[in-house]
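Report on the following structure.
All of the numbers you see were taken from the coordinates with simple rules; none came from a lab. What you see is a predicted model, and the numbers here were worked out from it, not measured in a lab. Methodologically, a virtual Cβ is constructed for each residue, glycine included, from the backbone with ideal geometry; neighbour enumeration extends over all protein chains shown.
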Amino acid sequence: MAVLERVPEVTFKTRVRDESVGGPNPFRWQDVTSQEVFGGKKIVLFALPGAFTPTCSSTHLPRYEELFDEFRTLGIDGVVCLSVNDAFVMFQWGKTQGVNHIFLLPDGSGEFTRKMGMLVRKDNLGFGMRSWRYSMYVNDGKIEKMFIEPDFGDDCPIDPFEVSDADTMLNYLKSLKS
Ligand code: BEZ
């Protein structure tokens, strides 16, 4: 598995609220580039196989949300959750999860994930192409650290979740300070 030095350059298709749109659903498309997400900032990103899936919803996302203030105290500018889901799905997932701090980033076409080398087939679950679970600490676009779940591969019969969790990342960042 090739490990990249920098995050790939892509354009994410996001949805943002814009009251000027009017009507009952005042949202519009907004392109967000990798440069906008990562440029000049210290970002923690974690990627998971799907919005609304059990472990992602019960543990992976909520724990990053819980620890957000601690990440900020350690100098992290933003925490990003990425999934190969479209903007509508990611928005609704964030809403049902009560997310206030984590930026839910839709990689619907899987371009970022593919360029990261993290795109896997999950046809065994009827999911199609998804992201492998991982987390990374990115400083101004440079990947300083990655935690990649074991047994990387297509149609993995299990869903390893051992190292990409929020506490592991937080402890790593703390260790940089000591
Ligand atoms: C889960 O989050 O529990 C999960 C993710 C992908 C496939 C199946 C389950």
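Descriptive notes on the structure:
- Each Lys and Arg contributes +1 and each Asp and Glu -1, all at the Cβ; summed about the Cα centre of segment 1-55, the dipole is approximately 120 debye.
- Comparing Cα centroids, segment 142-163 and segment 115-141 end up 8 angstrom apart.
- When the Cα positions of Leu176, Ser20, Val89 are compared along the charge dipole of the chain, Ser20 comes out farthest toward the positive end, with charges on each C-beta of Lys, Arg, Asp and Glu.
- Where only C-alpha atoms are counted, convex hull volume of the chain per residue in Å³: 119
- Rounded to the nearest 20 debye, the dipole size of the chain about its Cα centre is 260 debye, using +1 on the Cβ of Lys and Arg and -1 on the Cβ of Asp and Glu.
- Length gained on full extension, Met129 to Thr96, computed as 0.36 nm times the residue gap minus the Cα-Cα distance: 9.5 nm.
- Highest-first arrangement of 133-146, 56-69, where packing means the average Cβ count within 10 Å: 133-146, 56-69
- Across the chain, the mean sequence separation of Cα contacts (distance under 8 Å, 6 or more residues apart), normalised by length, yields a relative contact order of 25 percent.
- Per-peptide packing, taken as the mean over residues of other Cβ atoms within 10 Å, places 25-36, 81-92, 114-125 in the sequence 81-92, 114-125, 25-36 from highest down.
- Within the same chain, aspartates and glutamates fewer than 8 places from Lys95 are excluded, and of the rest, those with a Cα less than 14 Å from its Cα are Glu65.
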